[in-house]
Every structure is written in C-alpha cells, then in structure tokens.
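As structure tokens, the structure follows; a few thoughts come after it.
The values are calculated or read from the model by the stated rules, or taken from the named source; none is laboratory data. Remember, it's a predicted structure, so these values are computed and weren't measured experimentally. Cβ atoms come from the backbone with ideal geometry, glycine included; neighbour counts cover every protein chain shown.
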Amino acid sequence: MKIIARAALFLIGAFTVFAAAAAEPFPTTYQVPASGPVLIQGATVLTGTGERLDDTDVLIANGRISAVGKGLKAPAGGTVISAVGRWVTPGIVDIHSHLGVYASPGVVAESDGNEATSPVTANVWAEHSIWPQDPGFELALEGGVTTLQILPGSANLIGGRSAIVKNVHAVTYQAMKFPGAAYGLKMACGENPKRVYGEQKQFPSTRMGNVAGYRQAFADAQDYLQQWDKYHRDLDQYQKDTAKHGSAGGKDVSVPTPPKRDLKLETLAEVLKGNIRVHVHCYRSDEMATMLDIADEFGFKIAAFHHAVEAYKIADRLAEHGVCAAMWADWWGFKMEAFDGVQENMPMVDFPEHSCAIVHSDSPDGIQRLNQEAAKSMAHGERVGLHVTPERAIRWLTINPAKSLGLQDRIGSLEAGKGADVVIWNGNPFSVYARADQVFIDGALGFDREHPPAKPPSDFLLGQANQGAQP
Amino acid sequence: MKLLTLASVMAASMGITSTLGASELLVRGATVYTVSSQGTLKNADVLVRDGLIVAVGTSLPASAGATIVEAKGRPLTPGLCGGLTAIGIEEVSQEPSTVDTTISQSAPGWNQQWRPETDLTLAFNPRSALVPVARVEGVTWTVLAPGLGDGDSGIVADSIIGGQSAAVSLDGRFDAVLQGSRVLYVQMGSAGAKLAGGTRAGEYVLLDQAIREARAQGAIAPGSLLHAAGREALRPYLAGGRVIFQVDRAADILRVVAFAKRNGMSPVISGGTEAWVVAKELAQADVPVILNPLDDLPADFDRLAATLDNAARLQRAGVRIAFSGGDARNARLVRQLAGNAVAHGVPWDAALAAITANPADILGMGATRGHIAAGQAADLVLWSADPLEVSTLADQVWIAGRPVALQSRQTELRDRYIGPLKLHQAR
C-alpha cells in the first residue's frame with residue numbers, strides 16, 4: 001500500500017517519478033477471452049494442491065475454476081467434455097524459457113536474449129526482445145504450458161527483467177503479458193558471466209569478480225534509493241512549508257529537484273523494495289549459498305535458483321530459506337559447474353518439509369515435455385526410496401513454479417476462483433505416451449488435439465516450405 | 001600393426017576378451033523382445049556362454065555353475081545403441097582440454113587440407129565418466145561421432161569431412177571398437193556451407209575434388225585437398241563404404257543421396273529433419289535415416305518442415321530408421337525418443353528396433369548385434385517394466401555376457417548426499 005500512497009503523493013507533486021506504481025510503461029493488453037462454461041466430467045484430477053481425485057468433474061465458468069467435485073451439474077448452454085479415463089491437471093508453468101527472445105529459427109536476426117555488452121544490465125527488459133511469432137510458443141502449448149517466465153540469458157551477472165506471459169497467440173507481447181504479475185530479475189552465477197567478460201579481458205573474469213559485481217550493483221541501488229528517499233522527504237517538507245506559509249512560504253526555498261532517473265538502478269531499487277522477484281541461474285551449491293548471503297546482506301529475497309544442478313546437496317537449506325529450486329531431470333556435465341548432476345535431484349530437493357521443487361526447461365524442446373521430465377525424476381527417486389506420487393509431482397510443474405512467480409493465488413492449482421488454466425491429458429501425464437488433448441487458458445480452449453490448427457499459428461510459418469508438416 | 005598387437009596383449013592380460021573364461025548365464029522366464037523375425041517371446045529363456053547368446057527358447061538347460069537370473073516376466077531387450085554421440089571423446093563439452101571430437105587446421109575456406117584419415121576411435125577413452133552413466137541405463141554401445149565444434153568447446157571444424165569413426169562397446173574395455181562398423185562423416189547443409197566457401201554448392205565442389213584426388217594415382221599436386229594418407233583413407237568409401245551425411249533439408253537429402261550413389265558410396269542420412277518429405281525416394285534408394293524423432297522445431301532454414309510425425313512417416317514408407325539424440329551425456333535418453341515416437345505413430349516394435357537392431361544393421365553389425373538370437377553378442381538389458389516408458393529403469397545390464405555394476409559417478413554422488421538428507425528430514 002505504501003506504493004499507492006507514494007504514487008498519490010507524486011501526482012500531487014506533478015512530477016514524473018520512477019515508482020512502478022506510476023503509470024506502468026508497456027501495460028498489458030491481455031483480456032480474458034469470452035468463453036462459455038465448460039464441464040469436464042469423470043476425470044482423474046490432480047489438483048495441484050497435493051490431491052488426486054478420481055472420477056471427478058471440473059467446472060469452468062467465466063474464465064475461472066468454478067468447482068471441482070463429483071457429480072457437478074452441467075451448466076446451461078455450456079460444453080460438456082467426457083474425460084473418463086483421462087487425467088486433468090492445472091496448466092503447466094515454465095519459469096525458465098527463452099521463447100521469443102531466442103526464437104526459432106535460430107538466426108542472427110532473432111538472437112535477442114543476452115545484452116552481453118556489460119555485466120550488469122538491469123535496465124533491459126526481456127519483453128522488448130520477445131518475438132510473438134516464435135513457432136515455439138504453439139509447440140509449448142501443445143505440451144500443456146499455459147504460463148511462461150521469459151528470461152534474458154545468463155551472460156551477465158544481472159541480465160535484466162523477465163516477462164511473465166500467458167501462452168496465447170498474439171501479435172504483440174503486451175497482449176501476452178500476465179496482468180498483475182510482478183517482474184522477475186535474472187541474475188547468473190558462475191561460469192557464464194566470468195567467461196563472457198573474462199574472454200574480453202573485462203570485469204568479471206573470476207567467481208570473486210562475479211560476487212564483487214553483484215554487491216556493487218546492489219550497493220549502488222541502495223544509494224539510489226536513499227537519494228530518492230531524501231528527495232521525497234524534502235518534497236514532503238517543501239509541500240508542508242508551502243501549505244503553511246503560502247506559496248512562497250515566506251522563505252527562500254526552491255522546489256526540490258528529483259534525482260536523475262537511472263533505469264538500471266531503478267530496477268534494482270524495486271528488487272530491494274520487494275517488488276521484483278529474483279531468479280538466479282546458479283548450478284553449484286556453494287554458489288547458491290553465496291547468493292543467499294548476498295540476499296541477506298542487501299535485504300532481498302531469492303525466489304528461485306534455476307539450473308540448480310547441485311540443489312540436492314543443500315536441499316535442507318533451500319527449504320529452510322523458502323527458496324525454490326528449478327531443475328532439469330537429467331542435463332549434466334556440459335560444463336564443469338554441471339558436472340555433479342544426479343537424476344534424483346528433484347525428488348531429493350522435494351523431500352524436506354516446506355520444499356519447493358520445480359521442473360523447468362530452458363529449452364524450446366524440453367518445454368514441450370515437462371511432464372516427462374518429472375516422470376523420469378520420479379522413477380529415479382522411487383529406486384532410492386523417495387516415493388513421489390503423481391499428485392505431489394504435479395506441483396513441480398504447476399503450483400510451485402506459480403509460487404516462485406508470486407502467482408500462487410491466481411494459477412497453479414484447480415481451486416474455485418482461480419484462473420481456469422487446465423490441461424486434459426489422454427492418460428497419466430507421467431508417461432511417455434501421454435499427450436495433452438485439450439489445453440485451456442483462462443477458460444478458453446487454446447489447443448485441441450482433435451481439431452489442431454489447419455495452419456500454423458505463427459505468421460512466420462505461413463507459405464513456407466513446411467506444408468504438410470502439420471499432423 | 002604394432003598398435004593392434006599392443007591392444008590385444010593388454011586386453012588379454014586383463015582377461016577381457018570374449019574368448020577367455022567359460023562363463024554361462026541363463027536369464028529365465030523373461031518377456032524376450034528378440035527384435036528379429038521371432039518377435040516377442042513370453043516366459044522365455046536366454047542362454048549365454050562366453051559372451052555370446054547360444055540359445056533362445058523355453059526350459060533351456062544350464063550347466064552346473066551357471067549364473068541363473070529369474071526374470072519373472074520382466075522385459076529383456078538387446079542392449080541399446082546410444083546413437084551418434086561423443087561418449088568417450090568429449091568429457092565436459094565447454095572445457096576444450098576434454099574435447100577430442102573436432103579436427104581443425106585453423107585454415108577455413110578453399111585452401112585447406114582435408115584429413116579423412118582422421119580416426120576418432122584413436123581418441124576414445126573407455127574410462128570416461130560418461131561410459132558408466134550411459135550403460136547403467138541399458139546403453140551398451142554407441143557410434144562415435146565428430147562434432148562441428150562451433151558450439152561450446154571453442155574448437156571449430158574447418159572441413160565438412162569430420163573424419164572416420166566406428167561403433168564402440170561401453171563395457172570399459174580398451175579394445176572397444178566394434179569390428180566392421182567403420183564409417184566416414186560428412187557435414188552438409190547450411191552448417192557445411194560455411195566450411196565450403198560459404199555456399200552449400202561449394203560442398204559438392206570440394207567433395208568432387210577430393211574424390212578425384214583419391215582416385216588419382218601419382219604425385220600430389222600443389223593445392224590438393226588430400227595428403228597421401230587421405231587418398232588412401234577415402235578410397236574404401238568410394239567402393240561401397242558407409243558414409244554418414246549430416247543433412248536436414250529435403251532438397252539437400254535427395255542431392256546427397258544421388259551424389260553418394262554416383263560415387264560408389266553407401267549413404268546414411270543423419271539428422272534428416274525434413275526426410276519425411278522425400279520418404280518414398282529414400283525407401284526406394286534403400287537409404288537409412290538416423291534421426292531425433294523429437295526434432296519438431298523449425299530451428300533453422302534447413303528444417304522448416306520439422307514435425308513430430310517424421311519418424312512415423314519414414315517408417316510407414318519403408319525407410320529403415322534409427323534414433324539418436326546426439327548428446328554424449330544423455331545417450332540414455334534414446335528410450336525416451338523411442339517412447340515419444342510411439343506416441344506419435346511409430347509402432348512399438350519398430351521404435352524398439354530403432355534403438356537396437358536398426359542401428360546395428362545400419363552400421364553393418366546386424367549379424368552379431370542388436371537382436372536376441374543365437375550367435376549374437378550377449379548385450380542384454382532386463383527392465384523393470386515397458387522399456388520405452390520413462391518411468392522404467394534398467395534392473396540389470398549385461399555386456400558381452402558379463403553383468404554391469406549399476407554404478408556411475410552420478411549414483412555415487414547421489415549416495416553420498418541422500419543418506420544425510422533422509423536422516424535430517426525423517427518424516
């Protein structure tokens with residue numbers, strides 16, 4: 001609420017100010033599409049809250065989950081879908097995608113994911129690189145993905161703001177932006193930043209350089225916040241004085257001048273204020289521990305470690321800190337910081353109380369089969385006595401990633417009142433043979449395997465040499 | 001020949017040739033996927049002696065002292081082929097000192113020398129950490145593949161000829177190369193074009209020149225692509241030798257096949273993202289395709305017609321297909337490729353064949369590998385359930401009749417950390 005109060009104050013002051021609550025630039029134009037009610041009947045439902053409900057119905061109305069239960073009444077004028085023998089889950093949330101910023105085809109002209117020209121580019125926003133015509137969005141939708149966090153790459157210590165989007169086909173990224181979702185900040189540990197800059201004989205070229213880089217950036221942001229706080233105090237005082245003493249106030253006091261806006265520090269200041277969520281690309285457990293200490297030093301919270309290949313080594317600590325770990329099932333060894341990967345990472349991270357294990361993709365291929373990534377991890381967990389049920393594992397793909405985005409009250413589970421992002425699978429989703437039959441976003445049917453789009457939704461593929469490629 | 005002698009002495013001294021030791025193994029009561037004309041045999045036995053399968057049937061007798069494994073109906077398949085990978089020739093792909101996949105003379109363009117005599121099997125390290133990681137999941141052999149090297153390691157290829165290679169067994173023996181599987185690699189398409197003067201047309205200019213040089217006798221002319229060793233190395237491939245062409249675009253595939261056949265080569269298509277477009281022609285020409293059935297993205301302008309239906313369409317047209325994901329560290333995912341191919345229209349038996357019998361046949365080893373039949377190498381995997389399902393794991397793996405310890409660097413890391421975690425978090 002502080003933000004709103006401050007925004008009001010700014011308006012009184014008639015200044016353009018940096019607070020996010022002043023007119024949001026690049027506002028979302030996403031609208032929940034009009035759609036009739038839908039009753040999905042007789043399914044095995046994994047709610048995302050940890051429950052499995054057999055022979056259960058899910059009712060969607062006005063773009064929201066209206067009810068989950070047995071024997072629900074078909075709404076007047078609604079669609080009824082028999083899902084007997086099929087499984088229903090919340091829509092999948094992938095918190096690590098580069099769709100649109102590293103689009104297909106992977107040509108030079110569409111390589112927009114890394115502003116690798118300076119180690120701290122908190123001023124760039126991934127949404128300004130998103131090409132909505134990336135054919136990968138549709139393929140991800142066919143895999144049940146309804147919400148994505150699109151991130152800048154990991155060349156930089158601080159790579160910029162992420163974009164949280166609905167996986168809807170649109171001509172502009174604004175029409176995909178998830179209304180009300182907080183921005184994320186992409187940070188990166190380890191080999192990538194020190195390699196990218198070290199090879200150019202620039203700072204940083206070591207891990208200690210990396211840490212110095214993060215700390216200086218946040219120290220600068222603290223200073224920037226203080227400058228603005230002082231300005232606000234001075235402005236406050238000035239307004240009180242002028243109110244008390246008339247326009248001149250009887251004193252020779254000039255109107256306080258606001259500090260110059262710095263887009264980089266503005267983003268970091270929002271992190272310090274808790275308005276932007278921090279997502280850190282970090283493979284090694286020791287580096288994750290360093291990042292947790294940096295977060296404590298500057299008073300911000302880390303939402304999730306991504307590519308957390310070694311998270312299993314500090315599963316307890318991550319759970320204690322309430323930090324999510326986003327993982328692959330089996331990527332390992334392509335660089336030294338990934339050399340200690342194990343296939344039980346997810347079930348091990350999931351094991352402690354209050355844990356938050358997440359499956360993520362970082363890949364336009366992997367994003368199409370996140371359910372299979374979870375399934376592989378479940379099998380390996382099972383073999384070492386970490387039994388993970390489907391109703392628990394679905395959380396890795398739905399409510400846990402939603403939580404890391406701060407959207408756990410909006411999406412990620414099938415509960416009355418939540419947005420109706422729903423997937424109907426042809427069977428148990430934790431099978432290699434499973435396919436998403438129907439995918440709903442906010443109650444609207446986004447993909448229907450029985451009626452696939454006659455032409456590819458991406459403009460790029462129209463009239464190209466792909467005719468006949470569609471099933 | 002000195003090298004060969006040394007290898008065989010070393011192998012013999014370690015007791016790891018198949019002629020030593022009269023070990024016998026009987027796997028009893030399995031669902032045996034023979035991947036042969038015998039099809040699937042329920043409640044069947046497989047008898048192994050001295051590293052070879054000697055009988056497949058019911059109620060087979062074992063000698064006294066034989067190891068007997070009760071399968072209790074679980075599936076038994078041939079050992080899997082990991083596809084075309086750099087297992088053992090690339091450890092950590094972003095660490096150049098650990099990468100041996102790519103030969104580079106640092107002289108790109110037209111004035112380079114080609115080195116088809118390069119033999120990647122000479123770089124193979126059977127003690128690589130990647131080897132156990134693959135084999136504990138039932139991958140018992142792989143085909144070594146060169147890289148373009150323009151990805152992670154910083155080493156960049158400068159020739160569309162990646163060198164020669166062969167299939168290797170993953171049981172850790174020093175003499176791992178599987179006889180008769182020799183193959184030459186050629187990179188075509190847009191990735192080859194930049195190594196051939198900047199256009200894919202240049203690929204044919206250079207290939208044609210190299211072939212003329214290989215066929216020519218006499219002194220090496222200035223400006224030649226090949227050294228004397230290169231000429232010699234190339235000749236067998238012009239007399240029916242197996243050449244794997246990495247190529248994706250439909251038009252390129254047809255051209256490559258015609259070019260290869262005209263020059264006496266036996267072409268194999270690798271990649272083949274758009275192969276479904278020319279499936280009929282490939283079937284007619286009896287050209288096999290090694291593909292990743294999950295390649296469905298228009299990842300570049302050579303692959304605009306990518307589709308998950310590629311494998312099914314090729315299979316229906318009668319093309320021999322094999323699956324390869326290409327990642328040395330995740331060769332184990334070939335099962336997942338096959339399972340997904342089934343989900344997208346490939347019959348289950350054909351999908352299993354695409355990771356067992358077909359790669360063996362394509363590499364010229366079908367008589368000894370890839371099937372469960374008498375006379376075949378006893379590379380066997382006993383699975384917990386459906387071998388193409390992602391929730392299934394290998395219960396037991398044998399290579400050349402010997403059991404594989406189900407241990408790897410990954411299981412050891414897991415075991416170090418899982419105990420304390422369970423203790424702290426008893427629930």
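Worth pointing out:
- Given (1) more than 8 Å from every other protein chain (Cβ to nearest Cβ); (2) farther than 25 Å from B:Ser181 by Cβ; (3) surrounded by 21 or more Cβ atoms within 10 Å (Cβ to Cβ), index of the condition B:Val390 fails: (1)
- Residue match in region A:397-415 (condition: modelled with pLDDT of 95 or more, touching a Lys or Arg at 6+ places or on another chain (Cβ under 7 Å), under 18 Å from B:Leu308 (Cβ atoms) and buried (at least 24 other Cβ atoms within 10 Å of the Cβ)): no
Per-residue answers, yes or no, for (1) out of contact with any helix residue (DSSP H, G or I) (no Cβ under 8 Å at 6 or more places or on another chain); (2) in the same structural domain as A:Ile158 (by TED's automatic domain parsing); (3) not in a loop (DSSP other than H, G, I, E, B):
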{"site": "A:Thr49", "(1), (2), (3)": "no, no, no"}
{"site": "A:Thr56", "(1), (2), (3)": "yes, no, yes"}
{"site": "A:Leu59", "(1), (2), (3)": "yes, no, yes"}
{"site": "A:Ile65", "(1), (2), (3)": "yes, no, yes"}
{"site": "A:Gly71", "(1), (2), (3)": "yes, no, no"}
{"site": "A:Gly77", "(1), (2), (3)": "yes, no, no"}
{"site": "A:Val84", "(1), (2), (3)": "yes, no, no"}
{"site": "A:Gly100", "(1), (2), (3)": "no, yes, no"}
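- Within region A:152-172, the residues that satisfy the criterion of being surrounded by 24 or more Cβ atoms within 10 Å (Cβ to Cβ), assigned to a loop (DSSP other than H, G, I, E, B) and not small (Gly, Ala, Ser) are A:Pro152, A:Asn156, A:Leu157, A:Asn167.
- Of all residues in region A:330-358, those satisfying the criterion of being of a type in the set (Asp, Glu) and within 10 Å of chain B (Cβ to nearest Cβ) are A:Asp330, A:Glu337, A:Asp340, A:Glu344, A:Glu353.
- Residue in region B:63-82 that is within 14 Å of chain A (Cβ to nearest Cβ) and of a type in the set (D, E, K, R) present: no
- Residue in region A:401-409 that is in contact with a Leu (Cβ under 6 Å, 6 or more places away or on another chain) and not hydroxyl-bearing (Ser, Thr, Tyr) present: no
- Test: residue in region B:409-426 that is assigned to a loop (DSSP other than H, G, I, E, B), among the polar types (S, T, N, Q), modelled with pLDDT under 95 and not assigned by TED's automatic domain parsing to the domain that holds B:Ala166: yes
- Residue under evaluation A:Glu199, criteria (1) on the phi < 0 side of the Ramachandran plot; (2) buried (at least 18 other Cβ atoms within 10 Å of the Cβ), criterion not met: (2)
- Condition broken by A:Ser129, with the remaining ones in (1) in contact with a Ser or Thr (Cβ under 7 Å, 6 or more places away or on another chain); (2) hydroxyl-bearing (Ser, Thr, Tyr); (3) buried (at least 24 other Cβ atoms within 10 Å of the Cβ) satisfied: (1)
- Every residue from region B:397-427 that is among the polar types (S, T, N, Q), buried (at least 18 other Cβ atoms within 10 Å of the Cβ) and either facing another protein chain (nearest Cβ under 7 Å) or farther than 17 Å from B:Gly82 by Cα (or both): B:Gln410, B:Thr411
- Among the candidates A:Ala23, A:Ala116, A:Ala109, residue that is surrounded by fewer than 22 Cβ atoms within 10 Å (Cβ to Cβ) and within 14 Å of chain B (Cβ to nearest Cβ): A:Ala109
Conditions tested, residue by residue: (1) away from every other protein chain (no Cβ under 14 Å); (2) in contact with a helix residue (DSSP H, G or I) (Cβ under 7 Å, 6 or more places away or on another chain); (3) in contact (Cβ under 8 Å) with a residue 40 or more places away in the chain.
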{"site": "A:Tyr183", "(1), (2), (3)": "yes, no, yes"}
{"site": "A:Gly190", "(1), (2), (3)": "no, yes, yes"}
{"site": "A:Tyr197", "(1), (2), (3)": "yes, no, yes"}
{"site": "A:Pro204", "(1), (2), (3)": "yes, yes, yes"}
{"site": "A:Pro259", "(1), (2), (3)": "yes, yes, no"}
{"site": "A:Ile276", "(1), (2), (3)": "yes, yes, yes"}
